[in-house]
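Shown next, in structure tokens, is the structure this report addresses.
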Amino acid sequence: MRYSPIDNRLFIENRAKLAQRLKPDSVAVFNAGDVMPKSADGVRRFIQHTDLFYLSGIDQEETILLICPDARTGKYKEILFIRETSEKIAIWEGQKYTREEAAAVSGIKTVYWTSRFEQIFRELVCESEHIYLNTNEHLRADVSVETRDARFLKWCQAAFPLHKYERTAPILHDLRAVKSSIEVNLIRDACAITEKAFRRVLAFIRPGVWEYEIEAEIHHEFLKNRSRGPAYESIIASGPDTCVLHYVKNDKQCKDGELVLMDFGAEYAGYASDLTRTMPVSGRFTPRQRAVYDAVLRVQRAATDMLRPGNTLKKYQKAVAKVVENELIGLGLLDAEAVRTQNPDAPLYQKYFMHGTSHHMGLDVHDYGSRHRPFEPGMVLTCEPGIYIRAEGIGVRIENDILITENAPTDLMASIPAEAEEIEDLMNG
Ligand SMILES: [Mn+2]
């Protein structure tokens, strides 16, 4: 692996937490991510299913994890099945995990080749009442392909129709929302790589530079620092496209007098980071750009301070909206009287700020976590308010990743410049 080995206590503890949440006499199954095909004989780069990674640290296709806390055979309480390697695989694809290596990475003592899966699974199923299967219950998931998990679910229900089926998703959504210290440190590593990339482009951006050249500088820094690459598609949006929320074409030349909005984050050891900075292409904000920028920065600071235990995403979004409303009135974009009498179901600020302020972040950039669950220490959320004025071609978003603690929130990106003057100084330095 490209990253330094992860302390396997992380995976051992994660499995213990999961096992505690299963009903008695249960077996839970976790499948690897799919190897996604291209049009001909190519495949896309393999990305592990984040639940399997969370529970095992195994970063390899075709892996299956069984957790059966009440197994009659002691060594079957946790079993990892991995793809059996061969001389041919070694020649074409290179090194795969040996059973010993997989045991060391995951902390699971019983590791078999996948050829033994069906026989052992049958044995465990026949002594279990409940079968826990994994389905994608992310609220915004839009899955049209039949995933490995979905194929397994069909096969399993046909093979064992009279068992009681249970969902692992609510448990994983609960567990993964709160990060352990090992996970927070991995997220810090990802943020540190992102910071290096940001500092690299500070001196690079000038009129005439192309958006994809900025993207290339960023990805270069990611890869040099043991990241597999961006945790999500990088947004490098200049001029009017600063107002396009998911602009990823990154194909324009940046012009003097425009802003460039960059939303990017390095992946490290499976963990994401997620940063947004908005900069003047020339190295100096115009007075109007600066006014909008400072307004967004004030909102970002105020919102960060609200990421405290007990608050919920829903209450938080409402409170942030109030701050944004005031700033929009200050910028002359909204009329105070109109705001006072607005329809609460269609608040006026949404014309200029049309997305949520925060999302959970971890193994997935939009990580698991219920919007109704009060914030708790150990949760990591982004804080990314923005103001987008399409009529003026000015879009500003500022985003840092924040760790919720017992007391004041910890900004994991506190060392990444955000003040307008500091950014101008560094661009001209
Ligand atoms: Mn984000």
Does any residue of region 181-203 turn out to be under 17 Å from the mean Cα position of the chain (by Cα) and in a loop (DSSP other than H, G, I, E, B)?
no
When every residue in region 228-244 that is assigned to a strand (DSSP E or B) and away from the ligand (no atom under 16 Å from the Cβ) is compared, the one nearest to residue 420 (Cα to Cα) is 238
Determine whether residue 320 is of a type in the set (A, V, I, L, M, F, W, C), part of a loop (DSSP other than H, G, I, E, B) and within 16 Å of the ligand (Cβ to nearest atom).
no
As an exercise: evaluate residue 349 against (1) touching a Leu at 6+ places or on another chain (Cβ under 7 Å); (2) within 16 Å of the ligand (Cβ to nearest atom) and give the number of the one condition it does not meet.
(2)
Within region 245-263, of all residues that are within 16 Å of the ligand (Cβ to nearest atom) and over 13 Å from residue 279 (Cβ atoms), the one surrounded by the most Cβ atoms within 10 Å (Cβ to Cβ) is 247
Residues located in region 270-306, provided they are under 16 Å from residue 201 (Cα atoms), of a type in the set (D, E, K, R) and more than 16 Å from the ligand (Cβ to nearest atom):
284
Among the residues of region 124-142, are any part of a helix (DSSP H, G or I) and open to solvent by less than 80 Å² (accessible area, probe 1.4 Å)?
yes
Does residue 158 qualify as being closer than 21 Å to residue 26 by Cβ, of a type in the set (Gly, Ala, Ser) and open to solvent by 20 Å² or more (accessible area, probe 1.4 Å)?
yes
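How about region 17-111: which helices (runs of 4 or more DSSP H) wholly inside it have at least 3 residues that are without any contact (Cβ under 8 Å) to a residue 40 or more places away in the chain and assigned by TED's automatic domain parsing to the domain that holds residue 167?
Helices (runs of 4 or more DSSP H) meeting the threshold: 87-92, 99-106.
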In region 364-402, how many are of a type in the set (A, V, I, L, M) and more than 15 Å from the ligand (Cβ to nearest atom)?
4
Given the structure, is residue 267 in a loop (DSSP other than H, G, I, E, B), within 16 Å of the ligand (Cβ to nearest atom) and open to solvent by 10 Å² or more (accessible area, probe 1.4 Å)?
no
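Residue-wise test of (1) out of contact with any helix residue (DSSP H, G or I) (no Cβ under 9 Å at 6 or more places or on another chain); (2) at pLDDT 95 or above; (3) assigned by TED's automatic domain parsing to the domain that holds residue 33.
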position: 120; (1), (2), (3): no, yes, yes
position: 127; (1), (2), (3): yes, yes, yes
position: 141; (1), (2), (3): yes, no, yes
position: 161; (1), (2), (3): yes, yes, yes
Looking at region 306-324, can you tell me whether even one residue there is touching a residue at least 24 places away in the same chain (Cβ under 8 Å), more than 24 Å from the chain's Cα centre (by Cα) and more than 13 Å from residue 358 (Cα to Cα)?
yes
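The values are calculated or read from the model by the stated rules, or taken from the named source; none is laboratory data. A quick note: this is a predicted structure, and the numbers were derived from the prediction, not measured. Here the Cβ is made from the backbone with ideal geometry for all residues, glycine too, and neighbour counts use every protein chain on show. Note: accessible area is taken over every heavy atom of the protein model, side chains too, but ligands, DNA and RNA are not part of it. Shrake-Rupley method; radii C 1.70, N 1.55, O 1.52, S 1.80 Å.
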